[in-house]
Amino acid sequence: MRVRLKIAFLTAAVLFAACASAQNKPKPKRDPDVPFVPTTEEAVKVMLELGGVSKNDIVYDLGCGDGRIVIAAAKTHGARGVGIDINPERIAEAKANARKAGVEHLVRFEENDLFLADFKEATVVTLFLLPAVNLKLRPKLLAELKPGTRIVSNTFDMDDWKPEKEASAGRDDDEDTYLSHRLLLWRVPEKKSK
């Protein structure tokens, strides 16, 4: 009888701790527009190459997840970077990854809604969103970014806005599966004078 009571008590304590932990977990202000699906290392490399990223760039990754794109831009190309994600867990993970990579002085991560965020200073914007989200975001990109700013999307296009260039990235050496990514590049055009 005492053993059963101890087991019941321990089980209740574990369940209580798990519930308390889940309640203390930071939650996004609203549901994210897309699920977190990490960009493969190979696709990150090709996206940065396609965008022509250099040490003179400021790379913004909208929906940055674990921060891998801006971290790679900083580590490999010496670029500054900003990652924006609505999920506080992803932001915490991205900050920890930047610390581990030793690029904290070049990157920052912002918990924000990408439709409300200010990314006017970007010279390169990277995306791995869904087609509907790309389309919803397109007017903001065109209105707020400087002409010549490069936009690189993993997999998804912008409907009738045809990309300037395309590339692909296949299997990632770190993964067991073959993933083929279509990567697309646009440049923000000059503003039409009225």
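The values are calculated or read from the model by the stated rules, or taken from the named source; none is laboratory data. Model, not experiment: these values are computed from the prediction. Quick reminder, even Gly has a Cβ in these numbers, built from the backbone with ideal geometry, and neighbours come from all protein chains shown.
To keep it simple, each residue is scored yes or no on (1) modelled with pLDDT of 95 or more; (2) among the hydrophobic types (A, V, I, L, M, F, W, C); (3) within 11 Å of Asp61 (Cβ to Cβ); (4) touching a Ser or Thr at 6+ places or on another chain (Cβ under 6 Å).
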| residue | (1), (2), (3), (4) |
| --- | --- |
| Ala72 | yes, yes, yes, no |
| Gly78 | yes, no, no, no |
| Val82 | yes, yes, yes, no |
| Ala92 | yes, yes, no, no |
| Ala98 | yes, yes, no, no |
| Gly102 | yes, no, no, no |
| Glu110 | yes, no, yes, no |
| Leu129 | no, yes, yes, no |
| Pro139 | yes, no, no, no |
Across (1) surrounded by fewer than 16 Cβ atoms within 10 Å (Cβ to Cβ); (2) within 22 Å of Val188 (Cα to Cα); (3) more than 13 Å from the chain's Cα centre (by Cα), Leu130 clears everything bar (3)
Within the range 170-194, of all residues that are modelled with pLDDT under 65 and surrounded by fewer than 13 Cβ atoms within 10 Å (Cβ to Cβ), the one farthest from the chain's Cα centre (by Cα) is Lys194
Flag if Leu145 is crowded, with 18+ Cβ neighbours inside 10 Å, over 13 Å from Arg182 (Cβ atoms) and not basic (Lys, Arg): yes
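Conditions (1) crowded, with 18+ Cβ neighbours inside 10 Å; (2) without any contact (Cβ under 8 Å) to a residue 12 or more places away in the chain; (3) among the polar types (S, T, N, Q), marked per residue:
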residue	(1), (2), (3)
Ile69	yes, no, no
Ala73	yes, no, no
His77	yes, no, no
Arg90	yes, no, no
Glu93	yes, no, no
Asn97	yes, no, yes
Leu106	yes, no, no
Asp113	no, no, no
Phe119	yes, no, no
